[in-house]
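The values are calculated or read from the model by the stated rules, or taken from the named source; none is laboratory data. Owing to the predicted nature of the structure, the values given are computational and were not obtained by experimental measurement. Reconstructed Cβ throughout: ideal geometry from the backbone, glycine too, with neighbour counts over all protein chains shown.
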Amino acid sequence: MSSNFRFLLSVFVAVFCLLAGASYPQKASEKVQKPNILWLVTEDISPFISSYGDATAKTPNLDRLAREGVRYANVFDVSGVCAPSRSCLITGMYPTSIGTDNMRTLNAFPEIGIPKYSVVLPPEVKMFSELMRKGGYYCTNNNKQDYQFVAPKSGWDESSKNAHWRNGPQGKPFFSVFNFEVTHESQIWKKKNDPLLVDPAKVPLPPYYPESPVIRKDVARMYSNIMEMDQQVGEILRQLEADGLLDKTIIVWYSDNGGPLPRGKREIYDTGLHVPMIIRFPNKQQAGTVQSQLVSFVDFAPSTLTMAGVPVPQYMQGKITFGVNGPKENRKYVFAARDRMDSEYDMVRAVRDSRYKYIRNFQPEKPYMQNIIYRKDMDLMRELLKFEAEGKLNPVQQLWFRKSKPQDEFYDTLNDPYELNNLIADPQFTAKINELKAALADWMKLTDDKGFIPEKKWIESFWPAMKQPATQDPVFSQNGGTVSIASATDGASISYQVIAKGQQVKEKQWRVYTGPVKLADNQTVAAIAERIGYKSSAIKEFSK
């Protein structure tokens, strides 16, 4: 889509939303209230809930959301793991395009010579929450970030364990994110001794797992954690209702990647990429319906901006694929990538349409199952390794333990949802395989895939000699009763606060700078400049 068309589309949607809300006479002094937007983000689950056909876990709150909202049947992550995915969600950019594709960058991996580093984004790329703030929203995150870079102060009004829409100004629309960590992979072993809420004998096992009480217990733990998450979601919904905001808020519930069990999370099979998403629109618009269009994580930022009536910047790579008003863009394909996972390197790319998936293994000499030390704390993982060492896995269960991979894989996900039967050599699919191969090659070229650049060389391209650059200090210029603020660093965002002369700067009262600031004689303006991936500038102050 051209940049001019994207801009016109954003303006159209914003105007449409304003007109749609103006169904009654308004006084000239009244303003149309923008919708609040609430993201409820659970970690590491595939569509293991009843509204998607799996009734193992009892999830009354999610069931209610599905009844009163829209269930999206074909939502896909871009990498199968959290940090690259979250970098995509917050920027509207593919991780392979901005170099946030290695998991993870804010941890050091000395065994392979990789330091802790914060990825430097292109100067025009911002956290979309900053754009929401500039568009008049109060933005909070409670509380996981994990973006592959340190978030600047311009990103959130508040990001902490106490962040909440209730902390914002009365009457101001909010964009609030709540993260539910109880379903995270690590909780399989950290909560292993907690009471189970489902019967291990009754949980479904995928065909790539052998029969084992140990495996059944961890699968039951996963479903039990989902039930706990549902209760936590219910508490947030009750708070929203108590505040009288339920029908003034767009509620988006989804998972940050598939999983959390082996051969799910970190993989770019559907077991790692396909995630559930439910959206409840105000006044139960489109309640109980199912949308089947393809949605990628790269679409979340532009779609959310559009729902908020905030213009979508030209650099974003996603499409507007969900919302309740205005036109949507059809997506023919979704794309995914896997690069380094902790200390293990691999390079895999995938493209999927509504039914078929093509996977390209750029390092076929590498095994499927990576030696991820982190997940070996899981009893289920250790049980799989034990079965494999003892030769007790059947041919399907052995597939994930192969020591090398074919260069190409092709699957019919309708008839083979677990992607176990590689059809790459089947002549009846030659045309479709060639179509998907071409689509993948075009995507990699168009998005300037950074996966071919060795990671150390990539770091040195923005941190010369592994030294982090610094953002230039803010500079003030006065014009009558206003003060303008700027930084010489290309792409720097500026945050500021106005305080009484002699007052200390407050930790959580930073505003995002959008233009000249009014300043009285008894006031001081404090400012900080930050470019993502750079060191922050010093905090500078100015008084008239």
With charged (D, E, K, R), on the phi > 0 side of the Ramachandran plot and outside the structural domain of Gln317 (by TED's automatic domain parsing) as the only criterion, which of Asp521, Asp448 stands out? Asp448
Filtered residues of the stretch 513-544 (kept if out of contact with any strand residue (DSSP E or B) (no Cβ under 6 Å at 6 or more places or on another chain) and closer than 24 Å to Tyr137 by Cβ): Thr514, Gly515, Arg531, Ile532
Sole residue being surrounded by 15 or more Cβ atoms within 10 Å (Cβ to Cβ), in contact (Cβ under 8 Å) with a residue 60 or more places away in the chain, within 30 Å of Gly135 (Cα to Cα) and among the hydroxyl-bearing types (Ser, Thr, Tyr), chosen from Ser186, Ser176, Ser224, Ser212: Ser176
Going by what's in this entry, would Lys58 be described as at pLDDT below 95, in the same structural domain as Asn102 (by TED's automatic domain parsing) and either under 24 Å from His164 (Cβ atoms) or in a loop (DSSP other than H, G, I, E, B) (or both)? no
In the stretch 313-347, what count of residues is obtained for those that are closer than 20 Å to Asn36 by Cα and either of a type in the set (Gly, Ala, Ser) or under 17 Å from the mean Cα position of the chain (by Cα) (or both)? 5
Out of Asn193, Asn162, Asn142, I need the residue that is surrounded by 15 or more Cβ atoms within 10 Å (Cβ to Cβ) and at pLDDT 95 or above. Which one? Asn142
Some residue of the stretch 218-237 being part of a loop (DSSP other than H, G, I, E, B) and either not assigned by TED's automatic domain parsing to the domain that holds Pro35 or not polar (S, T, N, Q) (or both): no
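Would you point out which residue out of Leu423, Leu440, Leu436 is on the phi < 0 side of the Ramachandran plot, buried (at least 16 other Cβ atoms within 10 Å of the Cβ) and assigned to a loop (DSSP other than H, G, I, E, B)?
The match here is Leu423.
Can we say Thr304 is free of Cβ contacts under 8 Å to residues at least 40 places away in the same chain, under 17 Å from the mean Cα position of the chain (by Cα) and buried (at least 20 other Cβ atoms within 10 Å of the Cβ)?
no
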Name every residue in the stretch 443-466 that is outside any loop (DSSP other than H, G, I, E, B) and either of a type in the set (Gly, Ala, Ser) or over 30 Å from Arg331 (Cα atoms) (or both), in order of residue number. Gly451, Glu455, Lys456, Lys457, Trp458, Ile459, Glu460, Ser461, Phe462, Pro464, Ala465, Met466
Please tell me if Pro169 is more than 19 Å from the chain's Cα centre (by Cα), part of a loop (DSSP other than H, G, I, E, B) and assigned by TED's automatic domain parsing to the domain that holds Ala55. yes
Being surrounded by 20 or more Cβ atoms within 10 Å (Cβ to Cβ), touching a residue at least 60 places away in the same chain (Cβ under 8 Å) and under 16 Å from Ile539 (Cβ atoms) is the requirement here; does Ser487 meet it? no
Please work out which one of (1) touching an Asp or Glu at 6+ places or on another chain (Cβ under 9 Å); (2) at pLDDT below 95; (3) not charged (D, E, K, R) is the condition Gly502 fails and give its number. (1)
